[in-house]
Amino acid sequence: MGRRSGNPQGRRARALTDKTDREKRTATRLVEAGRRKEWTGPVVNPPVWRASTHLYPDTKALRSGPARNEDGRFFYGRRGGPTQWALADALTELEAGAAGTVLYPSGVAAIAGALLAVLDPGDVLLVTDNAYDPTRSMATGLLKRLGVETRFFDPLDIDGFAGRFCDRTKAVMLENPGSLTMDVCDAPALAEIARRHGATSIIDNTWATALGFPALENGIDISVMSLTKHVGGHSDLLMGSASAGERWYRELRRTAQELGQVVSPDDAALALRSLRTMGLRLKASTAGAVAVADWLQSRPEVAQVLCPPLPGAPGHDLWQSQFKGGCGLFSFVLATQDASARAALIDALDLFGIGFSWGGFESLAIPFDAGTMRTDSPWPPESWPGGATLGIRLSIGLEDPEDLIADLERGFAAMERA
Ligand SMILES: *Cc1c(COP(=O)(O)O)cnc(C)c1O
């Protein structure tokens with residue numbers, strides 16, 4: 001856990017540099033973020049502080065330890081040490097408007113941490129109908145058991161959304177673009193409506209990160225990410241984060257401490273190392289995704305390409321006006337309704353691995369059937385021809401897009417034979 005002004009020494013340094021920090025460009029901030037002298041010492045990266053016990057000089061200091069529950073203060077391993085503080089601090093610096101960031105052992109844990117920090121029994125939660133599946137299950141499972149009532153909403157129907165609020169509506173859970181179907185919603189408008197109704201807005205910002213969509217600057221109260229994806233970037237760690245302004249940061253932190261959430265310093269060091277190249281990786285994988293998506297669009301086997309950064313794709317105009325960047329994750333829908341043909345395509349791929357998660361340096365492909373998931377908004381939309389529903393989600397890595405296209409071409413040939 002780390003706040004901008006967390007520790008007394010850091011606070012003084014921060015006051016002097018705050019203005020210039022804000023003016024720095026993103027690439028520069030990615031290099032410098034979280035690298036405070038008191039955490040790095042004379043080396044470039046903060047060392048891995050493996051520790052459960054933190055030692056006190058005497059019993060007097062021990063007695064005052066628990067009372068001084070501040071960021072950047074040694075206490076006990078569950079509140080982290082300099083390696084975790086450096087990562088949290090770096091993420092806070094990258095999220096304009098954040099007072100602090102809480103780290104969680106996975107993205108799902110971060111979503112749970114944010115929802116549990118905001119909701120009480122009897123509250124109503126509005127969840128976007130295209131939410132990540134574990135978010136749905138959390139709402140209809142754990143949160144229901146705790147007395148929270150969830151209503152799903154169509155994220156593209158702003159008027160319908162405004163009509164969903166009642167006096168018990170406490171929070172709104174957004175995700176943009178939506179998982180699998182990649183629909184882009186007007187998140188600033190939805191957050192503004194939530195605020196007018198006194199509800200707290202939370203966004204799962206894993207796809208865009210703060211680089212592509214500065215969520216708090218866009219009026220959202222809490223920005224959640226699965227760091228497993230772009231921040232980790234190498235398919236070798238699981239972690240999550242939630243960043244917020246002062247009020248919600250306090251609540252997130254308290255709830256995370258009560259739940260005993262902590263991340264390992266080894267994983268925090270890996271995430272920090274990877275964070276330095278996140279901007280470059282996102283640029284390269286976005287360009288790769290657009291190249292592959294553009295090619296897919298020309299194929300007769302493809303009914304619809306769902307890639308917001310691709311000109312002409314659904315949601316592109318909104319993406320263009322509200323996002324500052326994208327990533328390598330997108331979907332497409334096959335013209336065929338034959339699931340075994342789709343399986344033949346995916347199984348024939350050589351460069352694309354078959355597996356969950358995404359955002360690594362290597363490309364992945366998985367099938368999905370979005371028609372069966374939603375409860376409030378039919379998918380595919382009625383305006384699409386043919387009613388095709390067999391989807392494939394691709395996570396484009398750092399390979400040469402021409403090789404990925406050749407691989408997909410092989411896949412289509414195998415599908416043809418099947
Ligand atoms: C993967 C993912 C998560 C969960 O992340 P984990 O770190 O795997 O728990 C949450 N939201 C979205 C949109 C994801 O794709």
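The values are calculated or read from the model by the stated rules, or taken from the named source; none is laboratory data. What you are looking at is a predicted structure, and each value in this text was computed from that prediction instead of being measured. Positions of Cβ are generated from backbone atoms using ideal geometry, with glycine treated the same way; all protein chains shown enter the neighbour counts. Side chains included, ligands, DNA and RNA excluded: accessible areas come from the protein's heavy atoms. Shrake-Rupley method; radii C 1.70, N 1.55, O 1.52, S 1.80 Å.
For the range 23-67, name all the residues that are touching a Phe, Trp or Tyr at 6+ places or on another chain (Cβ under 8 Å), outside any helix (DSSP H, G or I) and open to solvent by 60 Å² or more (accessible area, probe 1.4 Å).
Residues satisfying the conditions are 52, 53, 66.
For the range 118-129, what are the residues that are away from the ligand (no atom under 16 Å from the Cβ) and either open to solvent by 10 Å² or more (accessible area, probe 1.4 Å) or not in a helix (DSSP H, G or I) (or both)? Give the steps one after another, and end with the answer.
Initially, the range 118-129 is screened for residues away from the ligand (no atom under 16 Å from the Cβ), giving 118-126.
Scanning the range 118-129 gives 119, 120, 121, 122, 123, 124, 125, 126.
Among the candidates 141, 147, which residue alone is in contact with a Gly (Cβ under 9 Å, 6 or more places away or on another chain), assigned by TED's automatic domain parsing to the domain that holds residue 260 and not basic (Lys, Arg)? Write out each step before concluding.
Details: 141 fails: in contact with a Gly (Cβ under 9 Å, 6 or more places away or on another chain).
After applying the criteria, what remains is 147.
Every residue in the range 204-219 that is more than 21 Å from residue 395 (Cβ to Cβ) and either within 16 Å of the ligand (Cβ to nearest atom) or of a type in the set (Lys, Arg) (or both), please.
Quick first cut of the range 204-219, residues more than 21 Å from residue 395 (Cβ to Cβ) only: 214-219.
Once the filter is applied, which keeps residues that are more than 21 Å from residue 395 (Cβ to Cβ) and either within 16 Å of the ligand (Cβ to nearest atom) or of a type in the set (Lys, Arg) (or both), the range 204-219 yields only 215.
Consider the range 357-388. How many of its residues are open to solvent by 60 Å² or more (accessible area, probe 1.4 Å), within 16 Å of the ligand (Cβ to nearest atom) and assigned to a helix (DSSP H, G or I)?
0
Need the failing condition index for residue 260 against (1) within 16 Å of the ligand (Cβ to nearest atom); (2) surrounded by fewer than 20 Cβ atoms within 10 Å (Cβ to Cβ); (3) not basic (Lys, Arg), just the number.
(1)
To keep it simple, each residue is scored yes or no on (1) open to solvent by less than 40 Å² (accessible area, probe 1.4 Å); (2) part of a loop (DSSP other than H, G, I, E, B).
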residue	(1), (2)
282	yes, no
300	no, yes
308	yes, yes
313	yes, yes
319	yes, no
324	no, yes
332	yes, no
341	yes, no
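Report yes if residue 181 is of a type in the set (Val, Ile, Thr) and more than 19 Å from residue 308 (Cβ to Cβ), otherwise no. Spell out the reasoning first.
Details: of a type in the set (Val, Ile, Thr): yes; more than 19 Å from residue 308 (Cβ to Cβ): no.
The answer is no for residue 181.
Would you confirm whether or not the range 259-277 contains a residue that is free of Cβ contacts under 8 Å to residues at least 40 places away in the same chain and of a type in the set (Asp, Glu)?
Within the range 259-277, one or more residues are free of Cβ contacts under 8 Å to residues at least 40 places away in the same chain and of a type in the set (Asp, Glu).
Output the residues belonging to the range 89-117 that are in a helix (DSSP H, G or I), of a type in the set (A, V, I, L, M, F, W, C), more than 16 Å from the ligand (Cβ to nearest atom) and crowded, with 24+ Cβ neighbours inside 10 Å.
The initial filter retains those residues of the range 89-117 that are in a helix (DSSP H, G or I), namely 89-94, 107-117.
Applying the additional criterion that residues be of a type in the set (A, V, I, L, M, F, W, C) yields 90-91, 94, 108-112, 114-117.
Of the ones still in play, those that are also more than 16 Å from the ligand (Cβ to nearest atom) are 90, 94, 117.
Across the range 89-117, the qualifying residues are 90, 117.
Which ones in the range 232-245 are in a loop (DSSP other than H, G, I, E, B) and within 10 Å of the ligand (Cβ to nearest atom)? Before the answer, list the steps.
Within the range 232-245, the subset in a loop (DSSP other than H, G, I, E, B) is 232-239, 245.
Listed by number, the residues that qualify are 232, 237, 238, 239.
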